[in-house]
Structures are given as C-alpha cells and as structure tokens.
Amino acid sequence: MEVILKKDVDNLGFKDDVVSVKNGYGRNYLIPHGFAELATPSAKKVLQETLKQRAYKEQKHIDEAKKQAEKLNSLEIKLTAKAGAGDKLFGSITNGDLADALAKEDVEIDKKYISIAGGNIKRLGQYEATLRFHREVVANYTFDVVAEA
C-alpha cells in the first residue's frame, strides 16, 4: 500500500514522502491518526504541484539551517551536573538539557531533533550528539559533561 505522509514519522519518512507500507499499518495506524493519506493518482499529482511551489521556500530554510549548523563549530558547551564518586552523576543529562544549553548560545533547535549517542548520560566525560536542523542538514556535535564546583 502506498501512502503520502502528512507528518514526519520516525523510521519511515518525512512529510510529503510517498512510502510503501503494509496494509494494516497504513489502514489501522497511519491514516486514522492523520499521519498519512492514501496515495491515489490524483493525490500524487497534487503533491507534485505542491512540491514544485515549495522548492524555493525550502531552499531558504536549508540555508538558514546551514547557518545554525555552522554556529556549532565555534561553540564549546560544558554541561554541569552534580556528581558523586567515580564520575557518576546524580540524575542524568538528556537531550532537553543540551537543547537548553544551545538556546543560551542562540542556536535554536527542538529537543526532539537532538539524539545523544546512548540516550541519557549518567557519567562525566565527553559525548557526541546528532542534531537535525532540517531533513537535509544534520550536524554532529561534541560536548562535555563536567562536575559542579
């Protein structure tokens, strides 16, 4: 079954992609929850016309996302957290904490577009995160987690 995605769906595709899915997944989950619509020939024609009109606007968003990604090269972020013996943190550092720290440095990104390797951070050290500013602009960023003084 072919469907046109109305929203970004993790591990499937981005908005306005035409993807093939199993019948049950499309009919019972994607379409009723408003994530997709059936890819009929007329719907595909409407999608192509919409994509042509959106191409210019999309380039502007890509350029803006690249500027944000270039800002990361000059930033050095150190997240502070309370730590106990053996470099173990009290609590954890999440993608939300990194999003807040980046916002203070004028790099605006939603926490759902940040993925930290290994999920939550529970120890001091240096870590890497993948930041998705746009579907075509993905940046890797290295940051440090240090103990509070």
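A few remarks follow.
- Failed condition for Arg132, given (1) under 24 Å from Asn11 (Cβ atoms); (2) in contact (Cβ under 8 Å) with a residue 24 or more places away in the chain; (3) under 15 Å from the mean Cα position of the chain (by Cα): (2)
- Complete set of residues in the stretch 43-86 that are farther than 26 Å from Asp97 by Cα and hydroxyl-bearing (Ser, Thr, Tyr): Thr50, Tyr56
- Check on Phe143, within 18 Å of Glu64 (Cβ to Cβ), part of a strand (DSSP E or B) and touching a strand residue (DSSP E or B) at 6+ places or on another chain (Cβ under 8 Å): no
- Of the residues making up the stretch 81-122, those that are surrounded by 15 or more Cβ atoms within 10 Å (Cβ to Cβ) and over 27 Å from Asp8 (Cα atoms) are Ala81, Ala83, Leu89, Lys122.
- Boolean, Gly118 is at positive phi, part of a helix (DSSP H, G or I) and not assigned by TED's automatic domain parsing to the domain that holds Asn11: no
- Sole exception among (1) in a helix (DSSP H, G or I); (2) more than 26 Å from His134 (Cβ to Cβ) for Gln68, by number: (2)
- Filtering the stretch 72-103 to residues that are hydrophobic (A, V, I, L, M, F, W, C) and either outside the structural domain of Val137 (by TED's automatic domain parsing) or not in a strand (DSSP E or B) (or both) leaves Leu72, Leu75, Ile77, Ala85, Leu98, Ala99, Ala101, Leu102, Ala103.
- Matching entry among Leu89, Leu131 (being modelled with pLDDT of 90 or more, touching a Lys or Arg at 6+ places or on another chain (Cβ under 9 Å) and not polar (S, T, N, Q)): Leu89
The values are calculated or read from the model by the stated rules, or taken from the named source; none is laboratory data. Only a predicted model underlies this, so the values are computations on that prediction, with no experimental measurement involved. Positions of Cβ are backbone-derived with ideal geometry, glycine not excepted, and every protein chain shown enters the neighbour counts.
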